[in-house]
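Contents: one structure, followed by commentary.
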Amino acid sequence: MTADIVNYAASREAGGKFVVLVAQDAPENGILLFSDFTKDFQHVDILRRWERTEKKSASAAGHRTAGGGWWRFEGETLVLYGRSAAFGRFDAEWVRSRLRAGTVMGERSVDVL
């Protein structure tokens with residue numbers, strides 16, 4: 001049960017959005033894509049950035065989009081919340097369980113709402 005974390009955020013000050021990609025053949029695994037508002041304003045922009053970097057679509061890479069949301073910092077806590085208008089609500093428990101083992105931006109804790 002793993003998730004790679006891809007962080008495109010240049011700053012954690014303004015907050016941003018994230019997208020969840022789940023492996024089609026192993027849904028316990030996936031990728032969490034984070035970006036801030038200075039880089040990508042829409043969830044689909046984050047996905048397109050990742051696809052340009054990988055030089056293939058998410059589906060060609062064996063993944064499907066599984067929702068998205070917003071992120072912000074409250075002190076040293078990364079707070080994940082909301083939903084993507086394009087991709088729907090993320091599975092909070094899926095995300096929470098994968099972020100227990102590491103950090104996205106050096107936070108001390110994560111709160112998934």
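Computed from the coordinates by the stated procedures, all read-outs in this text should not be read as laboratory data. Please read all numbers here as calculations on a predicted model, not as lab measurements. Every residue, glycine among them, receives a Cβ derived from its backbone with ideal geometry; neighbour counts consider all protein chains shown.
Okay, here's what the table says:
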| read-out | value |
| --- | --- |
| Longest segment of the chain lacking GluC sites (Glu not before Pro) that sit in a DSSP loop with at most 14 other Cβ atoms within 10 Å | 29-75 |
| Residue-by-residue Karplus 3J(HN,Hα) for segment 28-35, coefficients 6.51, -1.76, 1.60, Hz, glycine and proline x | 6, 10, x, 9, 10, 9, 10, 8 |
| Placed amide H near residue 9: partners under 5 Å, 5+ positions off or other chain | 36 |
| Karplus-derived 3J(HN,Hα), 6.51/-1.76/1.60, for each residue of segment 101-112, Hz, glycine and proline x | 8, x, 10, 9, 9, x, 5, 8, 8, 10, 10, 9 |
| Beta bridges per DSSP with both ends in the chain, % antiparallel, nearest 5 | 65 percent |
| Debye log10 I(q)/I(0) at q = 0.14, 0.18, 0.22 Å⁻¹ for the chain, Cα point scatterers | -0.49, -0.84, -1.29 |
| Exposure rule at most 16 other beta-carbon atoms within 10 Å, DSSP loop trypsin sites (Lys or Arg not before Pro): the chain longest free segment | 1-38 |
